[in-house]
Amino acid sequence: MTTPGYQVPAPVRQAFSVLPAYPGSVLFVLGLNLALARHLQPDILLLLENRTLRIQVRDAGVAFDFIWRNRAFIAARHEGEVDLAICASLHDFFLLAMRKEDPDTLFFSRRLVLEGDTELGLLVKNTLDAIDLSSLVPQHLLPMALMQRLRARGLPLPGRLR
């Protein structure tokens, strides 16, 4: 199966594939908590509670495991199966994030793969589709702005940043 567009170069994939997964998941959930968590409705959060999730970037050789628990996404170290795994190339995830590609189109062309709980997959897809991306301000993702927002929300700071 080939994916049109950009592919992570093989040497980069090899370097990423030997890195431990957990630190990447910590950074990934930091971004989720800052950019996405506040947009999720309470009923959605109840359905996500304690569900194991994985985002797998196929061509980069990385995966991010996480769970929604106690009002925040938390990095996890899932062994074996997860409730929902979402797999695509880095380019396709970028296209989805920028809303330049429809998830259904990617799914039916097998460029986006959902494995696990189908109902949970539809819930995640429909929830993401409903979020107004214009509220995501790039300046809020700069390191100092991130730290201030984390502290203001009482969210845990990763590792040495405490």
For R54, indicate whether it is part of a loop (DSSP other than H, G, I, E, B), touching an Asp or Glu at 6+ places or on another chain (Cβ under 7 Å), surrounded by 13 or more Cβ atoms within 10 Å (Cβ to Cβ) and not aromatic (F, W, Y). no
Given the criterion closer than 23 Å to V113 by Cβ and at pLDDT below 95, identify the matching residue among L32, L48. L32
For the condition touching a residue at least 12 places away in the same chain (Cβ under 8 Å) and not in a helix (DSSP H, G or I), what is the one hit in D65, D129, D92? D65
Do any residues in segment 71-82 that are over 14 Å from E49 (Cα atoms) and modelled with pLDDT under 95 have Cβ atoms under 7 Å from those of residues that are among the acidic types (D, E) and in a strand (DSSP E or B), where the two are at least six apart or on different chains, and which pairs are they? R77/D65; H78/D65
Under 7 Å between Cβ atoms, at least 6 apart or on separate chains: pull out the pairs that start in segment 5-18 with a residue that is without any contact (Cβ under 8 Å) to a residue 60 or more places away in the chain and in a helix (DSSP H, G or I) and end on any residue that is surrounded by 13 or more Cβ atoms within 10 Å (Cβ to Cβ) and charged (D, E, K, R). R13/D59
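The values are calculated or read from the model by the stated rules, or taken from the named source; none is laboratory data. Remember, it's a predicted structure, so these values are computed and weren't measured experimentally. Positions of Cβ are generated from backbone atoms using ideal geometry, with glycine treated the same way; all protein chains shown enter the neighbour counts.
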